[in-house]
Amino acid sequence: MGKLNELTAVDAAAGIAAGDFTAEDLMADCLDRVAARDNEVEAWAYLNPNYAIRQARDADAALKVQKARGEKPAPLHGVPVGIKDVIDTVDMPTENGSPAYQGRRPQADAACVAALRAAGAVIMGKTVTTELANIAPSKTRNPHDLDRSPGGSSAGSGAGVADGQVTLALGTQTGGSVIRPASFNGIHGFKPTLGMIPRSGVLMQSHTLDTVGVYGRSLEDLALIADVLSLPDPGDAHSYRGSRAPLMPGLRAEREEPPRLAFIKTPAWPQADDEAQKAISAFVASLGETCVETEMPAPFDDILSLHATVMAVEDLAHYGPLLENSPELVSDMLKSRMAEAEKIRGDDYVKALLAREKLQQDFAALFENIDAVIALSAAGTAPRGFETTGNPAFNGPWTYLGLPCVSLPLLTVSDMPLGVQVIGPFGADAATLNTARWVERNGTS
């Protein structure tokens, strides 16, 4: 049938439900793309093609039964989803990108994976993560240019969706691990409000920061999968406790007036390359008077170091025992990072947590007068070579604050994609997606 692997998730789900094609047809096209390209892109940590096809056939059989009963198909029925290899799956290994976890077989699905299965999704395989979802680059390559990084740590998820190997994928973000790969790979990415998607069954790096996010080929794809995943997590103190507005209706709602937007360069601005600065500045100008450059109060100047402090200390708390007991299983790059974390004083960590509360209040006040912040999704396009996964400085501040972020693939610099980031108020994920839709429709690069 051909080209089904390039469909959006919304169109794929609709086509399967209507009987235009089967889940097996879609999976076969995805697997054909994997066979043709993954020896170069290397997006997968675990993929059993026969099992993927078998799951798709089971989805088709279940759909026939549902139709015979007059039942409506589940929202993701038959749609392939890639799962970052830090998220537990009962039927596939979860190895955390590390030899220390080789052969690890979870006893249960993560809560988010269970929600996907309940919504009819086909769990296609496990996508590559960097080592322990940290800074050491993975084997994955950028499908737009195989000599460039796909970003990290959700490397395989971003590259797999971008290359047409899988329709949707899950990632996680502690610094910039959802938004930056979306930018580098030229796809839509969504990091929801902290705790909006359950984290039970996710191998954690930082309990204060870690957020499950999603990748797709359109804003509607993001809403479709995130609606399924937006669930409380009773076992997680950071689970979002507020009301949860449905995302798809919120995304599709027509606006009576343009949104009020603030362009914030952030303290990371000097780290952006000249072409990226020019591209986002021109884009902001195209939005007209609805988008105004805004300066934040002085504490915001320290947000990069505050985020780094929280991330480093909690990372060390999770993986310090591994480094102590099995140092031969940890890369030199990660050893160096943990050695720096050991130098951080306890009172500095506490101060970083307290500063977070103050800055969250500052941004809550800002959002009383605006609908969203506009910023770069990354400091530039995907870096050449594989010594780094790229600079996360344009993502860390928003992760630190727990705010919902969307990366829109709207800019092109030197023939490579670069994202525009839309950041919304805490808990206002539906409104943030709606604002992102307006930005996507009205901005020009």
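Rounded to the nearest 0.05, what FRET efficiency do ASP20 and SER445 give with R0 = 45 Å and r taken as the Cβ-Cβ distance? Could you check?
Details: r = 34 Å, r/R0 = 0.75.
The formula returns an efficiency of 0.85 here.
Using per-residue counts of other Cβ atoms within 10 Å, averaged over each peptide, order 134-143, 385-394, 281-290 from highest down.
134-143, 385-394, 281-290
Kindly state, to the nearest 0.05, the FRET efficiency for GLU340 paired with THR294, given R0 = 41 Å and r defined as their beta-carbon distance.
Approximately 0.80, to the nearest 0.05.
Could you work out how much longer the chain between ASN48 and ALA317 gets when fully extended? Use 0.36 nm per residue separation minus the Cα distance between them, nm to one decimal.
Taking 0.36 nm per residue and subtracting the Cα distance, the gain is 93.4 nm.
Mind listing which trypsin sites (Lys or Arg not before Pro) in the range 185-247 are in a DSSP loop and have 10 or fewer other Cβ atoms within 10 Å?
When the trypsin sites (Lys or Arg not before Pro) of the range 185-247 are filtered for loop state and at most 10 Cβ neighbours within 10 Å, ARG241 remain.
Which is farthest toward the positive dipole end of the range 269-379 among SER326, ALA312, ALA378, measuring Cα position about the Cα centre, with Cβ charges +1 (Lys, Arg) and -1 (Asp, Glu)?
SER326
Is the C-alpha gyration tensor of the range 231-278 telling us rounded, prolate or oblate? Criteria: a/c under 1.5 is rounded; beyond that, a/b larger than b/c is prolate, otherwise oblate.
oblate
What is the percent of Cα-Cα separations in the range 4-250 that go past 32 Å?
I get 13 percent for the Cα pairs in the range 4-250 exceeding 32 Å.
Per 0.36 nm of contour for each residue apart, how much would the distance between GLU357 and ASP32 grow if the chain were fully extended, relative to their Cα-Cα spacing?
Result: 112.1 nm gained on full extension.
Restricting to the range 4-250, compute how many DSSP beta bridges are antiparallel as a %, nearest 5. Don't skip to the answer; put the middle values down first.
On the way: 13 of 21 bridges.
That works out to approximately 60 percent antiparallel.
Using +1 on the beta carbon of Lys and Arg, -1 on that of Asp and Glu, and nothing else charged, what's the dipole of the chain about the Cα centre, debye to 20?
740
Taking the Cα centre of the chain as the origin and placing charges on Cβ (Lys, Arg +1; Asp, Glu -1), which of PRO299, HIS238, ALA108 is farthest toward the positive end of the dipole?
Selected residue: ALA108.
Rounded to the nearest 5, what % of DSSP beta bridges with both residues in the chain are antiparallel?
The answer is about 65 percent antiparallel.
Under a point-charge model restricted to the Cβ atoms of Lys and Arg (+1) and Asp and Glu (-1), what is the dipole moment magnitude of the range 1-98 relative to its Cα centre, in debye to the nearest 20?
Magnitude of the dipole: close to 440 debye.
Take the Cβ-Cβ distance between ASP332 and ASP273 as r, set R0 to 25 Å, and report the resulting FRET efficiency rounded to the nearest 0.05. Numbers along the way, then the final one.
Values: r = 27 Å, r/R0 = 1.10.
For ASP332 and ASP273, the calculated efficiency is 0.35.
For ASP58, project a label point 7 Å along Cα to C-beta. Then give me every residue of the range 81-120 with its amide nitrogen under 15 Å of that point.
Once the point is set 7 Å along Cα→Cβ of ASP58, 81, 89-93, 108-110, 113-120 turn out to lie under 15 Å by backbone N, inside the range 81-120.
Where the eigenvalues come from the Cα gyration tensor of the chain, what are the semi-axes √(5λ) of the equivalent ellipsoid, largest first, in whole Å?
Here the semi-axes work out to 31, 26, 21 Å.
Once the piece of chain linking ASP348 and ARG252 is laid out straight, how much longer is it, given 0.36 nm per residue of separation minus the C-alpha distance between them?
30.2 nm
Taking the chain as a Gaussian network, Cα atoms linked when under 10 Å apart, which of SER206, SER157, SER326 shows the biggest mean-square fluctuation?
Ranking SER206, SER157, SER326 by mean-square fluctuation puts SER326 first.
In percent, what relative contact order does the chain have, based on Cα pairs under 8 Å that are 6 or more apart in sequence?
Relative contact order, the chain: 18 percent.
For the chain, set up a GNM with springs between Cα atoms under 10 Å and report which of ALA68, ALA159, ALA375 has the largest fluctuation.
ALA68
Taking Rh as the Kirkwood radius, which is the inverse of the mean 1/r over Cα pairs, what is the Rg/Rh value for the range 122-263?
Rg/Rh: 0.98.
With +1 on each Lys and Arg Cβ and -1 on each Asp and Glu Cβ, how big is the dipole of the range 4-250 about its Cα centre, in debye rounded to the nearest 20?
500
Greater than 32 Å separation of Cα atoms is the criterion. Which listed pairs, LYS3/LYS191; LYS191/LYS343; LYS139/LYS343; LYS191/LYS351; LYS72/LYS139; LYS67/LYS139, meet it?
LYS72/LYS139; LYS67/LYS139
Every number here is computed from the coordinates shown, using simple stated rules; none is lab data. These numbers were taken from a predicted model, which means no experiment stands behind them. Note that each Cβ is placed from the backbone with ideal geometry, even for glycine, and that neighbours are counted across all protein chains shown.
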